[in-house]
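Participant: What follows is a single structure, and I will ask about it in a moment.
Where a number appears in this text, it was derived from the coordinates with a stated rule and is not lab data. These figures come from a predicted structure and were not determined experimentally. Note that each Cβ is placed from the backbone with ideal geometry, even for glycine, and that neighbours are counted across all protein chains shown.
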Number of protein chains: 2
Amino acid sequence: MSEELKTALGVDFGGTSVKAAVIRGEEVIGEMERIHTQELTNPDDLIDAIVDKIGDIKKRHPEIEAVGVGVPGAIDFKKGMTYNLTNVPGWKSVPLRDILSERTGIPTMLENDANCMAFAEWKYGAGQGFDNVVCVTLGTGVGGGLILNGKMYRGNQSAAGEIGQMSVDLHGVDGPYGNNGALERYIGNRQIGELARQMYFDHDGTKLSEADATPEALSARASQGDEIARKVWVRVAEYLGDVLSSIVYLLNPDAIVIGGGVAYAGKLIFEPLSKNLASSLSTEFFEALKVVPAKFGNTAGVIGCSAMALEELSTN
Amino acid sequence: MSEELKTALGVDFGGTSVKAAVIRGEEVIGEMERIHTQELTNPDDLIDAIVDKIGDIKKRHPEIEAVGVGVPGAIDFKKGMTYNLTNVPGWKSVPLRDILSERTGIPTMLENDANCMAFAEWKYGAGQGFDNVVCVTLGTGVGGGLILNGKMYRGNQSAAGEIGQMSVDLHGVDGPYGNNGALERYIGNRQIGELARQMYFDHDGTKLSEADATPEALSARASQGDEIARKVWVRVAEYLGDVLSSIVYLLNPDAIVIGGGVAYAGKLIFEPLSKNLASSLSTEFFEALKVVPAKFGNTAGVIGCSAMALEELSTN
């Protein structure tokens, strides 16, 4: 199947900046460019800055055919609306897609950032060639995106894939919506740190500093043979495995792609996770299932939303 | 949209009999016919009996254009194979679809029974008009089927929808595959009975008989004002609500259709379930979600597999 690769611009909203990159297929053309959002305290200023940036890039790259925008938080895919964008105060119910496409003159698509990452992994990454792929991203929070029957699956309100809100324990700790046992409240970065500090303290009274309890630091310790750090990852794999096995029983996917902060942990988490899934899935399910690390790091967002923008605009 | 209704034969494998009915749309034409399976101890005899039954019905109803067969247990939809059909000893890896279509001369489709029920509810029942529907059936076990993006969703091995194997508690009781906290091990009919007997005993030492601890009996008691029986249903709704809220966070469906034995309980379970979902889902998710009882009872299987057979055969 030969396919002529088109070029699009990926715009990815992060915690402190908006990243923009020209993308052809899975290739990032040139540099990732950034708009720092700290000094832009209202939506209008940020939109002006993004419109300027897109115009500027389009001048240098007239081959750009579409813009794909990935945002954290709730969106309406069909209407192109963003809601409650947590990192921009005052941002509520903004028809961002139509504003950008009208002001830049370039066809624009708006999507949730976790869906963009999932799409990138399915189209060009670790989930390529599979019809049904579950993508999980582990970071400050736990997010996800689903490709089902070879298509991005969005659900009724463009809100599917909230893997971090799924329950590991009906009597567990409260999630952000009152949902007991929300996975995110066990294996978000901060919670992994808290778990680690508790486990070190319980072991021999060690008071681990916050800096020594980041996922990166814990991976380094475990790789150097620290038994407690290793056990932290076994516990993380237990929580994650519980939710993933439930997802496998529900969706019977071909593959699960795991990305985000956990990349630091590598086999420290993949090995116990695999053991966990082997013991909680039926043999048929386990043997047919691929569990793989994500291919893309922090470029997943821009690659995914640009690829999805091209696909959406060509089918509409 | 006008649609001329075609006629198909639905064949539904149950615990002690195989049911067959001529179906036009959602209408059961004439009587439900049965083949009793107890005396048929090997697959060949059962297949002979089914072929004879189909031939016999086809003579009386030459308008039948397709046969849809629904079976409990694992199948391969594309290959038309049944595996491990629990109620027929010696039944393993039988290419049932092709055997039946070759011997009867009628195009035949084979599907899992929970998927057939889900399809019936989506096409003609409580899930009609929705794009994304999760169907749950509560009985001896807990099963399910998914309609996603307006299509039956089967997953990689035709095995999606195993809602009964999803976990309510990562440290809970063992499920049949070693899966801790499998929902089915909490709210299968037998487990509801055990829970009830324990709750009555804990309350005042009452030793409830098995006959008084069936879902039907417990519904009757609760409806008559028995407070312990009412609390049994509240507990059942808690377990069910935990898994359903996880499913909603993952799939963001338009509707959840609940069928099976729980029909006996009605609002005894729907009221606490709704309360439960209200407290564990975000407001946006809860307000947009319909949770409804199934429309069809024991005809769901034959209606669903006949409708699906017609749809599959017209699209291939």
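Participant: Just to check I understand the Karplus step: with θ = phi - 60° and J = 6.51 cos²θ - 1.76 cosθ + 1.60, what whole-Hz values come out for the stretch B:14-20, glycine and proline as x?
Facilitator: Per-residue couplings from phi come out as x, x, 10, 8, 9, 9, 9 Hz.
Participant: Here is a follow-up. Can you give me the long-range amide H partners of B:G260? Hydrogens built in the peptide plane at 1.01 Å from N, cutoff under 5 Å, separation of 5 or more residues or another chain.
Facilitator: For B:G260, whose amide H was placed from the backbone, the distant partners under 5 Å are B:L138.
Participant: Work through the residues other than A:G155 whose Cβ is under 11 Å from its Cβ and net out their charges, Lys, Arg +1 and Asp, Glu -1.
Facilitator: -2
Participant: Next up: In whole Å, what are the Cα extents of the protein assembly as shown along the three principal axes, biggest one first?
Facilitator: 76, 60, 45
Participant: Where a ≥ b ≥ c are the square roots of the eigenvalues of the C-alpha gyration tensor, would you call the stretch A:122-163 rounded, which needs a/c under 1.5, or, failing that, prolate if a/b is larger than b/c, or oblate?
Facilitator: Here the stretch A:122-163 falls in the oblate category.
Participant: Now for a separate question. With the cut-off at 1.5 for a/c, could you classify the stretch A:83-145 from its C-alpha gyration tensor as rounded, prolate or oblate?
Facilitator: The shape class here is oblate.
Participant: Which distance in nm do the two modelled labels at B:T16 and A:V234 give, with both placed 7 Å along the Cα-to-Cβ direction?
Facilitator: Here the answer is 4.9 nm between the modelled labels.
Participant: Between A:H203 and A:E227, what length comes free when the chain is fully extended (0.36 nm per residue of separation minus the Cα-Cα distance, one decimal in nm)?
Facilitator: 7.6 nm
Participant: Further question on the same structure: Just to be sure I understand the model, the point goes 7 Å from the Cα along the line to the Cβ. What's the resulting B:A220 to A:E194 distance in nm?
Facilitator: 4.9 nm
Participant: Where a Cα-Cα gap under 16 Å defines reach, which aspartates and glutamates qualify for A:K267, not counting those fewer than 8 residues away within the same chain?
Facilitator: A:E216, A:D226, A:E227, A:E238
Participant: Can I ask one more? Taking the Cα centroid of the stretch B:235-259 and of the stretch B:170-229, what is the distance between the two, rounded to the nearest whole Å?
Facilitator: When both Cα centres are located, 20 Å separates them.
Participant: Hey, what did chain A get for relative contact order, percent, Cα under 8 Å, at least 6 apart?
Facilitator: Relative CO of chain A lands at 21 percent.
Participant: Identify the chymotrypsin sites (Phe, Trp or Tyr not before Pro) of the stretch A:128-206 meeting these criteria: DSSP loop state and at most 14 other C-beta atoms within 10 Å of the C-beta.
Facilitator: Counting only loop positions with at most 14 other Cβ atoms within 10 Å, none of the chymotrypsin sites (Phe, Trp or Tyr not before Pro) in the stretch A:128-206 qualifies.
Participant: Also, I was wondering about something else. Could you put B:M117, B:M308, A:M199 in order, starting from the residue whose Cβ has the fewest other Cβ atoms within 10 Å?
Facilitator: Taking fewest neighbouring Cβ atoms as first place, the list is A:M199, B:M308, B:M117.
Participant: For Cα pairs less than 8 Å apart in space and 6+ apart in sequence, what is the mean separation divided by the residue count of the stretch B:129-293, i.e. the relative contact order in percent?
Facilitator: It comes to 23 percent, rounded to a whole number.
Participant: Right, next: So in chain A, which Cys have no other cysteine's beta-carbon sitting under 4.7 angstrom from theirs?
Facilitator: So far as the 4.7 Å Cβ criterion goes, A:C135 stand without a partner in chain A.
Participant: Related question: For all pairs of alpha-carbon atoms in the stretch A:130-293, what percent lies in each bin of width 10 Å, listed from the first bin to the last filled one?
Facilitator: 11, 39, 35, 13, 2, 0
Participant: List the aspartates and glutamates whose alpha-carbon lies under 17 Å from that of B:K53, not counting same-chain residues fewer than 8 positions away?
Facilitator: Filter leaves B:D12, B:E31, B:E33, B:E39, B:D44, B:D45, B:E63, B:E65, B:D98, B:E102.
Participant: Provide the per-residue ³J(HN,Hα) series for the stretch B:213-226, in order, calculated from phi with Karplus coefficients 6.51, -1.76, 1.60 and θ = phi - 60°, each as a whole number of Hz, with x at glycine and proline positions.
Facilitator: 10, 7, x, 4, 5, 5, 5, 4, 4, 4, 5, 7, x, 5
Participant: For the pair A:L5 and A:D174, what calculated FRET efficiency results from E = 1/(1 + (r/R0)^6), where r is the Cβ-Cβ distance and R0 = 51 Å, to the nearest 0.05?
Facilitator: E(calc), rounded to 0.05, equals 0.65.
Participant: How many angstrom lie between the C-alpha centres of the stretch B:74-150 and the stretch B:297-316?
Facilitator: Going from one Cα centre to the other spans 9 Å.
Participant: Oh, and also: Okay, helix-only estimate at 222 nm for chain B: each DSSP H run of n ≥ 4 adds -39500 (n - 2.57), divide by all residues, round to 500 deg cm²/dmol; what do you get?
Facilitator: Calculated from helices alone, the mean residue ellipticity at 222 nm is -13000 deg cm²/dmol.
Participant: Give me the net charge of B:F286's neighbourhood, meaning all other residues with Cβ under 14 Å from the Cβ of B:F286; Lys, Arg count +1, Asp, Glu -1.
Facilitator: -2
Participant: Roughly what angle does helix A:189-204 make with the longest principal axis of chain A, taking Cα atoms, 0 to 90 degrees, to the nearest 10?
Facilitator: Taking the Cα atoms of chain A, the angle to A:189-204 is about 20 degrees.
Participant: List the lysines whose Cα lies under 19 Å from the Cα of B:K78, skipping any in the same chain that are fewer than 8 positions away.
Facilitator: Leaving aside lysines fewer than 8 places away in the same chain, those within reach of B:K78 are B:K92, B:K151.
Participant: Now for a different question. Once amide H atoms are built 1.01 Å from N in the peptide plane, which residues 5 or more positions from B:A159, or in another chain, come under 5 Å H to H?
Facilitator: none
Participant: Moving on to the next point. For the protein assembly as shown, give the share of DSSP beta bridges that are antiparallel, in percent and rounded to the nearest 5; count only bridges with both residues there.
Facilitator: Here the share of antiparallel DSSP bridges comes out near 60 percent.
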